[in-house]
Each structure stands twice: as C-alpha cells, then as structure tokens.
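The structure appears below as structure tokens.
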Amino acid sequence: MQEKPNILWYCTDQQRYDTINALGSKYINTPKLNEFLKSSVGFTQAYVQSPVCTPSRASFLTGRYPASHHVNRNGNEEFPNHETLVTKIFADSGYRCGLVGKLHLAGAEKTREKRCNDGYSYYQWSHHPYPDIEGNLYTDWLANEKGQNVEELFNSITGSYGVGLPEELHQTTWCSEKAIDFITEKRSEPWLLSVNPFSPHPTFHPPGPYLDHYIPSEMPSPLFKESDIEKQKAFSNIDQQTVDAINPLDAIVSKKNNKELPKDLLASLPPQSYNPKLLKACYYAEIELVDKQFGRIIETLEETGQLDNTIIIFTSDHGELLGDHGLLFKGCRFFEALVHVPLIISWPKKWQKNRVSHALVESIDIAPTILEAAGIEIPYYIQGKSLYSLLEGTSDLQKHKDSVLCEYNDAMGQETTANKHQGSHGTMVFDGEYKSIVYSGEDIGEIYNLKNDPGEFDNLWDNEGIQDLKLRIIKKHLDKVMQASSAGIKRTKAY
C-alpha cells in the first residue's frame, strides 16, 4: 500500500502574480522560491475565484465557486454548516490537520472568528498581526515568549507603509516557527498543514534590512496612463478601497502617509498621498521575508526526511493593485494585479520538476488535486478540476481549462470601502485572450484583449464595429457564470 503524502499548503495574503523572480519578476528577490521551482511546476496563469479574502478562501478550501458556496462577504457571521472544507475531508480520512495564521472564513472583530467544522486539530490562529483581537496567538507569543510590550511595539509603526517590526518578531516568522513545531511532531499518520501569513497584505511594513535590499528609485512604475483618471470615474459607484484614481507618479503631495488614520483602518483605506516606488519596495520586501520563511519550512522538511513525500503548494488568496491604473489595495475590480496569483506545486516523489505551465487554472482546482493525490474520493459537489494528470505528466501541461471565473458579490463592508455605495456585484471571465467583466445593475462593462493589451488600458466594451465579437464574448461569459452554480443535491436515480 502506497504511503499517503503529507501536504504543506502555504497561502500568502494579497500577493499578486508578478512577484516571483524565477518567473520573470526581475526586480524582486525570491531565492528560496526560485530554488523551490526547480523541483516544482509553476503555473503562470492561475486565477482566484474572488478578488477579496473570505470568498476566495472559501472557494479554494471547498473547491467550489462563490455562486455555489454563498460565502460572498468579508465579515460574515459564520461559515455555513452546509459547506464542507477539504481539510475536514482529510481529517476524516486519517490526516492530522493544522492551521497556522489566518483562516478568515468568518468575521473577526475584537474576538477570534467563529470556527466551523474545519478538521484542524492544531490551531495556531492569527487573523492579522495587530493587537486588537482577543485570541490572536501571534500577539500572545510576542508578549509571553518574546517579552514584548505589544501595544508599545505596534505603536512604533505608523502609516500605510515603511519600516516595520524586526524579522525575529514579525508575524511571518511566527508562522514559520509554528509550522516547524507541527511538522517535527512525532506521529504515525500523514498530515496536512495550512500556513497562512498575513503578508504582504497592507499595511506594508517589512523589517528594515529587507527594505534596504530595494532602491525605491529603481522600482518599476505602476501600470498607468493619464487616461486612467477619466476612465476610472465611470466606476465610482463600484465597491473599491480606492475610489478616485490618481496619477501614482504625482501622488507624493505630503508626508502624512495615512498616519492620521486609526490603525484598524490602515489595512483597508489606502493613502491618498504616497510614494509609489517606496510603497512597492515595501511590498517586495515583505514578499522577500515570506520567501525566506517559506524556505525555512522547506529546509525542515528536508532535514526530517519528509520532503520527498510532501506535496507543497505555494499560492495566494488574491492580488494587490499597487498603484496600477491609479488604484491601491482591492475591491470589485478584476485587473490582473488583483485576480491573477502565483501558484507553484511540487511532490518530489511523484510529479514533474522544473516545469512551467501556461494553462488556465483556478484556485478551486487545488482541492481536487490533493484529494486525488491522497487517494481520497473527490466529492460530487466539488467544482474544481484536478491538476493531477498535468503534474504527473500524463496530460498536456499547457492545457487545462477553456476559461476562468472570478466573482464579487457585496464582498466588503462600508467601513472597508472608501465610497458610500454598497452591494456591488460583478463577474469576470477570461479565456486566455479576452477578459470580459459585467457589473450587475450598472451601465458599464469591460472587455480587454490581453494578448494585444496586457496592461488592460483599452476597454473594448463600447467600441463600434465589434458587436459580433462582443456577443460571442458575452455568450461565453454567461455560459461560464451559469456553470458556477451547483446542480444541488446529489442525484441517486434518473427519471
């Protein structure tokens, strides 16, 4: 009988696709991920099912689209009991399952989020680094094991970006510490560990030595044209943490850097005044710290003889606009920076190494992939499509899906959006060439040809002379959206 694989599922928060050095991002330092790619398959076209945390996480942990699991909002009261997490399936199949860091399947305001039947028997929960939630085990660790005055420590950090805590006190480091504790336990059963650091989610505050690796003036400018200012006005009624687009290269109008905002709003309301290249340097530095700390976990797997039979997944829940098109943070928008994420997968014992796939894949494809790898039956209700044959090399590594879908359904509360309009609904479908975006109840839409316009500057939606093309694109869009709705209860007999 074949030994079941262990599974390390490392998911960062708000990391956009173009942040891995070995996959073409020449400005960022990711030596550990570069090395990891040599034993892995890197997917260059991986898309999330929502541009906002909770619905995205609910999707990849259930293998289902938001239209079916209905966990559409950040801050929801609880995760519904009619949905089953893949971690629960693994736990019921004899795996010891652990969580380190963020879960965010339900709201967490002042107290720890309400748990569902998640299957985790090791639960090191930290929604975010800040000391404003009871039950944050990271801040408990700072106080009890590191002897820190937590309030004073975080009061020393100001604004939306800049130098943050030293590496040894950073939440990303704590995540590695707790992950290493878990994977070095003595046990006989296989394990699955979800490691979910808060980085590089705003605020952007890396340790000083990491920020020193980047010269802001040498950072690439955001994707921006002057025409973005006027174009984004059409979307002023759409939920977005940045409402008014500004020229990011002219954004340095003061040194306030949001220092006047309460700390609990800094992670959701972006600064109107900022240095875009310094901000990007801070973001890259946060990812470089993630790279090192992820590497520590890989090294521990190797030292303990577990690496060969451990499936390792590196990905993120969604991206970050980072000044592109004059916008920061996230919302009901579907630019590549926000919906396109890194995805690297390895199983040294079984799967292909040092390969790159340009196939269209979705975050919901992870759950059926690891179930198939573990020899666990994939439930009928899972909508993702397993990547197993691509990874194994028995099917074409460059072909998986005809299109990908991303949804936004009233995902953010008013306190986390800068406008007063609530309840936006939008869907995005991308087929590898054309990206179509429909906003429900709004007289606007978007179509981009990413082969000709990778920066998404030329919205074809209202262009004359493309009506036949537009109808074909919208037909494909509707087909994909309809396929995201579950057929419901399992059929036992056909009549």
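The values are calculated or read from the model by the stated rules, or taken from the named source; none is laboratory data. Not measured: the values here are computed from a predicted model. As a convention, Cβ positions derive from the backbone with ideal geometry for all residues, glycine included, and neighbour counts pool all protein chains shown. The accessibility values were calculated without ligands, DNA or RNA, using every heavy atom of the protein model including side chains. Shrake-Rupley method; radii C 1.70, N 1.55, O 1.52, S 1.80 Å.
Mind putting together the pair-distance distribution for segment 125-227? All Cα pairs, 5 Å bins, whole percent per bin, short to long. All Cα pairs, binned at 5 Å, distribute as 2, 10, 18, 21, 16, 11, 9, 7, 4, 2, 1, 0, 0 percent.
Here residue 73 sits with roughly 130 square angstrom of accessible surface, probe radius 1.4 Å. Quick check: Cα centre of segment 57-103 to Cα centre of segment 140-164, how many Å? Value for the Cα centre distance between the two parts: 30 Å. Each Cα pair under 8 Å and six or more residues apart adds its separation to the average, and for the chain the resulting relative contact order is 24 percent.
Give the relative contact order (percent, whole number) for segment 27-105; include only Cα pairs under 8 Å separated by 6+ residues. Mind dumping the intermediate values first?
Numbers: 56 pairs, mean separation 20.4, N = 79.
Once divided by the residue count of segment 27-105, the mean separation gives 26 percent.
Annotation: residue 433 carries an accessible surface of approximately 60 Å², with a 1.4 Å probe and no ligand, DNA or RNA atoms counted. Under 5 Å between amide hydrogens, built in the peptide plane, is the criterion, and for residue 65 it picks out 383 among residues at least 5 positions away or on other chains.
Between their Cα atoms, which of 88/493; 38/349; 88/350 are more than 22 Å away from each other? Kindly include the intermediate steps, with their values, before the conclusion.
Details: 88/493 28 Å; 38/349 14 Å; 88/350 24 Å.
The answer is 88/493; 88/350.
Before rounding to the nearest 500, sum -39500 (n - 2.57) across all DSSP H runs of length at least 4 in the chain and divide by the residue total; then give [θ] at 222 nm in deg cm²/dmol.
On the way: 15 runs with 132 residues, N = 495.
For the chain, the value works out to -7500 deg cm²/dmol.
Less than 17 Å from a label point 7 Å out along the Cα-to-Cβ axis of residue 249: which backbone N atoms in segment 208-226 qualify, by residue? 216-226, by backbone N distance to the label point.
The residues of the chain expose, per residue, 40 Å² of accessible area to a 1.4 Å probe. The magnitude of the dipole of the chain, with charges of +1 and -1 set on the Cβ of Lys/Arg and Asp/Glu and taken from the Cα centre, is near 1000 debye. Helix hunt in the chain: which complete DSSP H runs extend at least 15 Å axially by C-alpha with mean Kyte-Doolittle at least -1.0? Those that pass (Cα extent of 15 Å or more, hydropathy at least -1.0) are 171-183, 276-303, 467-483. So, in Å, what gap is there between the alpha-carbon centers of segment 172-193 and segment 9-35? For segment 172-193 versus segment 9-35, the Cα centre distance is 23 Å. Here the 3J(HN,Hα) profile of segment 434-440, calculated from phi with Karplus coefficients 6.51, -1.76 and 1.60 at θ = phi - 60°, is 9, 10, 10, 9, 10, 10, 5 Hz, Gly and Pro shown as x.
In segment 334-381, Rg over Rh equals 1.02, where Rg is the alpha-carbon radius of gyration and Rh the Kirkwood radius from pairwise Cα distances.
Would you please report the Å³ per residue occupied by the convex hull of the alpha carbon atoms in the chain? Please list the in-between numbers first.
Values: hull volume 75.3 nm³, N = 495.
Normalising the Cα hull of the chain by residue number yields 152 Å³.
Percent of accessible area on the chain owned by carbon and sulfur, 1.4 Å probe? Percent of accessible area from carbon and sulfur atoms in the chain: 48.
Step through the table entries 102/470; 385/451; 186/401; 231/475; 110/385, compare each Cα-Cα distance with 30 Å, and write down the pairs that go over it. With Cα atoms farther than 30 Å apart: 102/470; 186/401; 110/385.
Look at the Cα gyration tensor of segment 69-146: its axes a ≥ b ≥ c give a/c of at least 1.5 with a/b at or below b/c, and that counts as oblate.
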